[in-house]
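A.B. asks: Take this structure first; my questions come after.
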Protein chains: 2
Amino acid sequence: MASRKGNLMGVRTDIKVLDATIRDGGLCNNFGFTDDFVRALYKTNIRSGVDYMEFGYKASRNMFNESEHGKWKFCKEEDLRAIVGDNVSDMKIAVMADVGRCDFKTDFLPKSESVIDMVRVACYIHQIPAAIEMIEYFHDLGYETTCNIMAISQANMKQVEEALEMLAQTSVDVIYLVDSYGSLYPETAQELARTYLEVADACGKQIGFHAHNNQNLAFANTIEVLSYGVSYLDATAMGMGRGAGNCAMELLLGFLKNPKYNLYSLLTFIENYMLLLKEEGVVWGYDLQYMFTGQLNRHPREAMAFTAEGRKDYCEFYKSLLECF
Amino acid sequence: MASRKGNLMGVRTDIKVLDATIRDGGLCNNFGFTDDFVRALYKTNIRSGVDYMEFGYKASRNMFNESEHGKWKFCKEEDLRAIVGDNVSDMKIAVMADVGRCDFKTDFLPKSESVIDMVRVACYIHQIPAAIEMIEYFHDLGYETTCNIMAISQANMKQVEEALEMLAQTSVDVIYLVDSYGSLYPETAQELARTYLEVADACGKQIGFHAHNNQNLAFANTIEVLSYGVSYLDATAMGMGRGAGNCAMELLLGFLKNPKYNLYSLLTFIENYMLLLKEEGVVWGYDLQYMFTGQLNRHPREAMAFTAEGRKDYCEFYKSLLECF
C-alpha cells in the first residue's frame, strides 16, 4: 500500500487544485450567480494559481427547464465564452456531466471547438458501465476526463475494487473518491485512497478527492489523502457547497507550500463577493443537522430540508432520522 | 513509537472525555454563565457519560477583581457546591490553575474537604519548574493532577523532550498536549502525541489533548491523536471556547463507540441553552481571522480584537499580520 508522499515543508508538483465553487456552490442558490461574480472568481482563481475551475453541470435541457435554473446548470459554450473568452491562461476549464442526467451525445462539441478542457463524469457505483461509455465518448472528443464515484461511503469494498479494475481499463485520466455524505474519517478516507492509488499507480492514472464538511472533516480528510499521493483536490471558496459544504479553498491554499498558490487573491474575492452571498441569505456550511447525516452515513436531503425550513429543533430532527432506519 | 490503538468499531475503555465548556467557553463571556446554565450542563454531562467536567479557573483574587468577572474564574468551593452538592455521580470535577496567576497555597482545601477531584495546571513550556511545584502541592493535598503545556506549536522538540523527562519524574497523572494556536495538522499533532506517549508509557502516566479550531482541525486532530493512544480528550458544547473554539463535544460523542457516551442528552442542552448564548451575541468559532493566526502559528489575540470590533476587512487584517513579522 502507498506510504506518505513528500512532507509538510516541501512542494508536490503533482498536486492539482480544482475550484468547484460554481458547480457545488451552485447547488445552494440554483446556480444563480451573476456574470460579475463568475468573472471575478475566474480571475481570482487564475491569480491564486488554481489549476482547474469547474463552471457547473452540462445538464440535459430535455430533463431540466432552462428557465427554472441558473445558466451554470447547463454551461453552454457561449455562456462559458462570455466569461473566459478563449481562456488564455494556464488554468483549465472543467464541467460536470451526471450519468443519466446529461445529453452527452448532443451537448458537447469536439474539444478543438470548445473552451472546455475537462469533463468530470459523476456516477453512483452501480452506474460505472454508463460512466465508462461517457468517458470514452468524451475522451474521443479530445477532453481530459475524470470519473467521480459518489457516495463512496455506502459502497462495499468489493464493489469499489471491481469499479476500479473496470476504470483501469478505460481512457479516464483521474478517478475521484467522493465523500458525498461527509461520513468518512481521516482513517477511512486514507484506507480508501490507498486502495484507489494502488490501482491508479499500476495503470498511470491520477486519484482525486472531493470532500463534504458534515463532520468538520473536509479539510482534514483532504490533507490526509493528499499526503498518501492523491493529487487532484477539490475545494470551494469559503467551502460553499451543498449542505455542509466542501473543503474550503482558503484552508487548502494556506496549507499547500507551492509558491504558485496565492491566498491573498482569494481573500479579496471572499471579502468582495462571498460575504455578500451570505448576507443575501444563501446558506451552506457545517451545522448539527449535517453532522447527524454524516455520522449516520446518509444522504443529507432531510438535513437540507431542515435547513430550508429554518428549523432549530435538533432533537426532534435527530429522533426522526433514527426512526427512518 | 506508538502505533494505532484499537479500531474505528471498538471501545477504548482508557478514553476519558473532559467537558471544558465553562472554563474555555468562559473566556468568550467573561465566565458570565447563569447558575441555571451551569447546573443544566452538569446534569447533561452526567447523562452524556462525560468523565470530567471542568468548571473554570482558580484565579488569584489578589490579581483579579472578583466584581469584574463571573464566578467561574475563581471556582470557590461554595459556588461549586451550589451546583453539584457532593457530586454524587461518576463524573469528576476539574478546575484549572494557571502558573503565576493562582494563589495555590491559600486557595485550595485538602481534597478530603473539597468537591474538586482534579486540578489542571496550565503553563508555558518555560514554566515547567513552577508547574511541577504546583503539581506536587496539589498531589500532596490529594488531588488528581494534569500538566497542560500550552502553545506547544511554538516550542522546539528539545524543549518538549526535556519538559516530558522532567514531568516523568513527578506525581502528575496526565500530561496534556495543548494546541493553543490551532496550528497543528493531524500529522504534526500525531508526531508530538507519539513523543508524549513514549514518555508516558514508560512511567505509567496518561496523555491528554486540548485542541483549538483555527483551521477547522480541532476534531480531526483529536481523533488522530486518540487513535495512537492519547486518552484524555477535551471538548466543549458546540466547540465553545476562546477564539475559534475547541473540539465540539457533539462531534466527539458521535465518534466514540462506547455506549456509555450519549449524544442525545447533549443535543437537548444545545437546543435549550447553547442556541440562546449565540442569540445573545456571545461569539466563538471558526472564521478567517482565526485561520490566519493558526496558519501563521501565532497567538489569536489580534484575531480576537478583530472579532470584537466586528471587522470584516479580512485582507487588511491579513496584511497587518504579515507586517508584524
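The values are calculated or read from the model by the stated rules, or taken from the named source; none is laboratory data. The structure displayed is predicted, hence computed values, not measured ones. Positions of Cβ are generated from backbone atoms using ideal geometry, with glycine treated the same way; all protein chains shown enter the neighbour counts.
A.B. asks: Between a residue in region B:242-256 that is within 11 Å of another protein chain (Cβ to nearest Cβ) and more than 15 Å from B:His210 (Cβ to Cβ) and any residue that is outside any helix (DSSP H, G or I) and among the hydroxyl-bearing types (Ser, Thr, Tyr), which pairs come within a Cβ distance under 7 Å, given they are 6 or more apart or on different chains?
C.D. replies: B:Leu253/B:Tyr261
A.B. asks: Out of all the residues in region A:195-213, is one or more under 24 Å from B:Leu184 (Cα atoms) and hydroxyl-bearing (Ser, Thr, Tyr)?
C.D. replies: No, that holds for no residue.
A.B. asks: Let me ask something else about it. Find all pairs meeting these conditions: Cβ atoms under 6 angstrom apart; at least six residues apart or on different chains; first residue within region B:211-230 and more than 7 Å from chain A (Cβ to nearest Cβ) and among the hydroxyl-bearing types (Ser, Thr, Tyr); second residue assigned to a helix (DSSP H, G or I) and crowded, with 24+ Cβ neighbours inside 10 Å.
C.D. replies: Listed pairs, sorted by first residue: B:Tyr228/B:Ala193.
A.B. asks: Out of the residues in region B:74-92 that are under 20 Å from B:Thr106 (Cβ atoms), out of contact with any Gly (no Cβ under 6 Å at 6 or more places or on another chain) and not acidic (Asp, Glu), which is surrounded by the most Cβ atoms within 10 Å (Cβ to Cβ)?
C.D. replies: We begin by selecting, within region B:74-92, every residue under 20 Å from B:Thr106 (Cβ atoms); these are B:74-81.
Now drop any that are not out of contact with any Gly (no Cβ under 6 Å at 6 or more places or on another chain), which leaves B:74, B:76-81.
Still in the list and also not acidic (Asp, Glu): B:74, B:76, B:80-81.
Details: B:Phe74: 19, B:Lys76: 15, B:Leu80: 22, B:Arg81: 13.
Out of the qualifying residues, it is B:Leu80.
A.B. asks: Answer with yes or no whether A:Thr307 is outside the structural domain of A:Thr44 (by TED's automatic domain parsing) and either among the polar types (S, T, N, Q) or within 30 Å of A:Ser48 (Cα to Cα) (or both). It would help to see each step written out before you state the result.
C.D. replies: Details: outside the structural domain of A:Thr44 (by TED's automatic domain parsing): yes; either among the polar types (S, T, N, Q) or within 30 Å of A:Ser48 (Cα to Cα) (or both): yes.
Yes; evaluated as a whole, the condition is true for this residue.
A.B. asks: Still on this structure, I have one more. Looking at A:Arg61, A:Arg4, A:Arg47, which is the one that is of a type in the set (D, E, K, R), away from every other protein chain (no Cβ under 14 Å) and out of contact with any His (no Cβ under 6 Å at 6 or more places or on another chain)?
C.D. replies: The unique qualifying residue is A:Arg61.
A.B. asks: Something else: Of the conditions (1) part of a loop (DSSP other than H, G, I, E, B); (2) crowded, with 24+ Cβ neighbours inside 10 Å; (3) at positive phi, A:Gly6 fails just one. Which one is it?
C.D. replies: Condition (2) is where A:Gly6 drops out.
A.B. asks: Go through region B:133-144 and report how many residues are crowded, with 18+ Cβ neighbours inside 10 Å and either without any contact (Cβ under 8 Å) to a residue 12 or more places away in the chain or in contact with a Ser or Thr (Cβ under 7 Å, 6 or more places away or on another chain) (or both).
C.D. replies: Number satisfying all stated conditions: 2.
A.B. asks: With respect to A:Asp173, determine if the residue is within 14 Å of chain B (Cβ to nearest Cβ), of a type outside the set (Gly, Ala, Ser) and in contact with a His (Cβ under 9 Å, 6 or more places away or on another chain). Break it down into steps so the answer makes sense when it comes.
C.D. replies: Working: within 14 Å of chain B (Cβ to nearest Cβ): no; of a type outside the set (Gly, Ala, Ser): yes; in contact with a His (Cβ under 9 Å, 6 or more places away or on another chain): yes.
Taking the combined requirement at face value, the residue does not satisfy it.
A.B. asks: Out of curiosity, is A:Glu162 over 24 Å from B:Tyr286 (Cβ atoms), more than 13 Å from chain B (Cβ to nearest Cβ) and assigned to a helix (DSSP H, G or I)? Please lay out each step first, then the result.
C.D. replies: Working: over 24 Å from B:Tyr286 (Cβ atoms): yes; more than 13 Å from chain B (Cβ to nearest Cβ): yes; assigned to a helix (DSSP H, G or I): yes.
So A:Glu162 passes the test.
A.B. asks: Restricting the first residue to region B:183-198 and requiring it to be away from chain A (no Cβ under 11 Å) and of a type outside the set (A, V, I, L, M), which pairs with a second residue that is surrounded by fewer than 18 Cβ atoms within 10 Å (Cβ to Cβ) and assigned to a helix (DSSP H, G or I) meet a Cβ separation below 8 Å and a spacing of at least six or different chains?
C.D. replies: B:Thr195/B:Met157; B:Thr195/B:Glu161
A.B. asks: For region B:295-316, how many residues meet the condition of being surrounded by 20 or more Cβ atoms within 10 Å (Cβ to Cβ), touching an Asp or Glu at 6+ places or on another chain (Cβ under 9 Å) and either at pLDDT below 95 or more than 8 Å from every other protein chain (Cβ to nearest Cβ) (or both)?
C.D. replies: Counting residues in region B:295-316 that are surrounded by 20 or more Cβ atoms within 10 Å (Cβ to Cβ), touching an Asp or Glu at 6+ places or on another chain (Cβ under 9 Å) and either at pLDDT below 95 or more than 8 Å from every other protein chain (Cβ to nearest Cβ) (or both) gives 2.
A.B. asks: Right, something else. I'd like to know if region B:211-230 contains one or more residues that are assigned to a strand (DSSP E or B) and within 21 Å of B:Ile175 (Cβ to Cβ). Before you say what the answer is, go through the steps one by one.
C.D. replies: Quick first cut of region B:211-230, residues assigned to a strand (DSSP E or B) only: none.
Looking for residues that are assigned to a strand (DSSP E or B) and within 21 Å of B:Ile175 (Cβ to Cβ), one finds none in region B:211-230, hence no.
A.B. asks: Determine, yes or no, whether A:Lys111 is assigned by TED's automatic domain parsing to the domain that holds A:Asn262, within 18 Å of A:Ile135 (Cα to Cα) and at pLDDT 95 or above. Reasoning before the result, please.
C.D. replies: Values: assigned by TED's automatic domain parsing to the domain that holds A:Asn262: yes; within 18 Å of A:Ile135 (Cα to Cα): yes; at pLDDT 95 or above: yes.
When the stated conditions are applied, A:Lys111 passes them.
A.B. asks: Which residues, taken from region A:257-272, are in contact with a Gly (Cβ under 7 Å, 6 or more places away or on another chain) and within 10 Å of another protein chain (Cβ to nearest Cβ)? Steps first, please.
C.D. replies: Going residue by residue through region A:257-272, those that are in contact with a Gly (Cβ under 7 Å, 6 or more places away or on another chain) are A:257, A:260-263.
Passing the criteria: only A:Leu263.
A.B. asks: Looking at A:Tyr232, A:Tyr176, A:Tyr261, which one is among the aromatic types (Phe, Trp, Tyr), more than 28 Å from B:Gly254 (Cβ to Cβ) and crowded, with 22+ Cβ neighbours inside 10 Å? Give the derivation first.
C.D. replies: Numbers: A:Tyr176 fails: more than 28 Å from B:Gly254 (Cβ to Cβ); A:Tyr261 fails: crowded, with 22+ Cβ neighbours inside 10 Å.
When all the criteria are applied, what remains is A:Tyr232.
A.B. asks: Another one. Scan region A:257-272 for residues that are of a type in the set (Ser, Thr, Tyr) and either outside the structural domain of A:Leu226 (by TED's automatic domain parsing) or free of Cβ contacts under 8 Å to residues at least 60 places away in the same chain (or both) and jot them down. Before the answer, list the steps.
C.D. replies: Within region A:257-272, the subset of a type in the set (Ser, Thr, Tyr) is A:261, A:264-265, A:268.
Matches in region A:257-272: A:Tyr264 only.
A.B. asks: Are there any pairs with C-beta distances below 6 angstrom linking a residue in region A:273-291 that is within 11 Å of chain B (Cβ to nearest Cβ) to a residue that is of a type in the set (Ser, Thr, Tyr), with the two at least 6 apart or on different chains, and if so which?
C.D. replies: Listed pairs, sorted by first residue: A:Leu288/A:Tyr314.
A.B. asks: Same structure again: Just one of the numbered conditions (1) over 27 Å from B:Lys43 (Cα atoms); (2) touching a helix residue (DSSP H, G or I) at 6+ places or on another chain (Cβ under 6 Å); (3) not in a strand (DSSP E or B) is not true of B:Leu177; which one?
C.D. replies: The number of the failed condition is (3).
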